[in-house]
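So the structure is just underneath, and the comments pick up after that.
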Amino acid sequence: MLIVAVAFILPEKLKAQQILAFKFTYRDNGKQWSSPSTTTNPNLEKSMLSRGKGAQDNSASSARSIVANMYPCQSMAEAEKNEAYFEFFTQVKPGYIVSLKDLKVILRAQENGANVYRWVYSIDGGNTFVDLGPSEVKLTNYENDGSSQEPINLSLHTALQNLPANKKVIFRLYAWGGSSSSVGNRAFGIGKSSSQGSNAISLTGYVVATK
């Protein structure tokens, strides 16, 4: 019997790329209720970063960021109930699928503000949310320019892979642990972007055509 060996040539492994990002400039004073994505893969819908109603106005201006006084909560359950969050979404255009890899963020906190956070996501329009990361995160850095957080590995979540156009992913960042509203220095926010224009939120992944 003649055995014929057939060699299969595998395609080069795709490298994850930045597909969505938000950066802030001096034109952003931190008080805005929403900000559009500043980097958007051409095959993704334009995204928007916004605040929940429990992410209340902060009186002080804060350039190159978006900040809020989070409703004073002492647990994630309270933060969820009081809508103390920042939120953005990603959605691929028809004819493509998207798989998500990493989520990176720079966070700012003041000594009396929210100091614990957790990312969650939803793929059913915000009806149910799934926790991201191994646990909630306690912030200890109160530098004015903020600090880069450990990236969230999204590739561990099968529900965030090979998403078609009818699957919008909502990402929420809940924050809690702040003091009462009568105390100053309560800001919690995303950023700062550097004066050179660094991203405050960055999402990496793969966008692939389906035809």
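Please treat every number below as a calculation from the coordinates, not as lab data. As the structure is a prediction and not an experimental result, all values here were calculated from the model. When we count neighbours, we look across all protein chains shown, and the Cβ atoms used for this are built from the backbone with ideal geometry, even at glycine.
Under a point-charge model restricted to the Cβ atoms of Lys and Arg (+1) and Asp and Glu (-1), what is the dipole moment magnitude of segment 90-211 relative to its Cα centre, in debye to the nearest 20? Can you show the working numbers first?
Working: 12 positive and 8 negative charges, 89 e Å.
Dipole of segment 90-211, to the nearest 20 debye: 420 debye.
Report, ordered by chain and residue number, the lysines lying within cross-link reach of residue 104, taken as a straight Cα distance under 29 Å and ignoring same-chain residues fewer than 8 apart.
The qualifying lysines are 13, 15, 23, 31, 46, 53, 81, 93, 138, 167, 168, 192.
Compute the separation of the alpha-carbon centres of segment 46-82 and segment 163-187 and state it in Å as a whole number.
Their Cα centres are 6 Å away from one another.
What percentages make up the Cα-Cα pair-distance distribution of segment 96-146 when the bins are 10 Å wide from 0?
Each 10 Å bin holds this share of Cα pairs: 19, 40, 30, 10, 1.
For segment 130-211, build the charge dipole from Cβ charges (+1 Lys, Arg; -1 Asp, Glu) around the Cα centre, then report which of 189, 199, 169 sits farthest towards its positive end.
So the residue we want is 169.
What's the Kirkwood radius of the chain in Å, using all Cα pairs? Please report the intermediate quantities before stating the final value.
Working: mean 1/r = 0.0555 Å⁻¹.
Computed over the chain, the radius equals 18.0 Å.
Find the centroid of the Cα atoms in segment 116-136 and in segment 84-102, then give the distance between the two in whole Å.
After rounding, the separation between the Cα centres reads 14 Å.
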